[in-house]
Amino acid sequence: MNPSPSTADPLILTLAFDPGTGERFDGLRRRHFPEALNRIPAHATLFHHLDGLEEAEVAQAIREATRDEPMPEVAVTGLRFTGRGVAYVLESPALSAVRARLAARFDAMLTNQDRQGWRPHVTVQNKVAPQVARALHERLNGDFAPLRFIAPGLILWRYLGGPWSHRASFPFGQHSPHKTRSAP
């Protein structure tokens with residue numbers, strides 16, 4: 001049973017994936033993340049903990065940051081061994097710029113974790129024995145080919161002590177003359 005959301009529960013901001021990219025990462029996460037701990041879909045976190053009492057202000061800032069911004073291209077450039085897991089490394093100057101503007105706007109509510117340098121990634125395995133993680137890293141790295149995708153928007157979630165509750169989606173480019181860009 002999911003706990004009831006409270007306005008005091010923190011907010012999390014993640015990147016939305018196009019369907020194909022989302023299915024790819026989520027399939028890897030379902031296969032390699034410990035089943036008992038896998039309560040959320042594959043994601044790339046922009047902010048881990050925003051003030052839940054300020055949801056309306058947070059949502060407005062995200063809406064303003066995304067509405068005129070074209071959908072950013074994101075490169076999947078490699079894999080990262082995390083010690084007890086594996087993550088795909090993401091790079092996107094355009095997305096990094098959006099995140100930096102939001103970080104400046106949210107400055108007063110950022111935690112130390114969200115103040116640190118942002119290293120975008122998608123975790124597909126975590127909280128396993130180091131040798132299990134290393135074996136998966138080596139296997140995925142052996143088959144790795146860089147890829148790119150176009151990110152359609154951002155997603156705001158409320159953290160419920162394990163599971164997350166979807167609060168809102170914010171598509172990029174709602175007021176932009178170039179609403180969509182096709183993936184390469």
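Taken together, the values in this text are just the output of simple stated rules run on the coordinates, not laboratory data. Since we're looking at a predicted model, the values are computed, not measured. As a convention, Cβ positions derive from the backbone with ideal geometry for all residues, glycine included, and neighbour counts pool all protein chains shown.
Order of 112-118, 154-160 by packing, highest average Cβ count within 10 Å first?
Ranked by mean Cβ neighbours within 10 Å, highest first: 154-160, 112-118.
Quick one: the Cα spread of the range 50-184 along its three principal axes, in angstroms, biggest first?
45, 38, 25
Show the residues, 5+ positions off or on another chain, whose built amide H is closer than 5 Å to the amide H of Leu160.
Ser165
Might you report the magnitude of the Cβ-based charge dipole of the range 96-182 about its Cα centre, with Lys and Arg at +1 and Asp and Glu at -1, to the nearest 20 debye?
200 debye
What list of ³J(HN,Hα) couplings, whole Hz, do you get for the range 22-28 from phi and the Karplus terms 6.51, -1.76, 1.60, once you set θ to phi - 60° and write x for glycine and proline?
So the J values, rounded to whole Hz, are x, 5, 4, 5, 5, x, 5.
Going toward the positive end of the dipole of the range 1-138, with +1 on Lys and Arg Cβ and -1 on Asp and Glu Cβ, which of His137, Ala100, Gln116 do you reach last?
His137
I need the calculated FRET efficiency for the pair Asp68 and Asp18, taking r as the beta carbon distance and R₀ as 22 Å, to the nearest 0.05. Before the final figure, lay out the partial values.
On the way: r = 20 Å, r/R0 = 0.92.
Rounded to the nearest 0.05, the efficiency is 0.60.
Treating only the Cβ atoms of Lys and Arg (+1) and Asp and Glu (-1) as charged, compute the dipole magnitude of the chain about its Cα centre; round to the nearest 20 debye.
For the chain, the charge dipole is close to 480 debye.
Between Ala103 and Ser165, what is 0.36 nm times their sequence separation minus the Cα-Cα distance? Round to one decimal in nm.
20.1 nm
To one decimal place, what orientation-averaged projected area in nm² is obtained for the convex hull of the Cα set of the range 113-171? Show your work: numbers first, answer last.
Numbers: hull surface 25.7 nm².
Mean orientational projected area (the range 113-171, Cα hull): 6.4 nm².
I want to verify a result. In a Gaussian network model of the chain, Cα cutoff 10 Å, which of these has the top mean-square fluctuation: His166, His43, His32?
Greatest mean-square fluctuation among the candidates belongs to His166.
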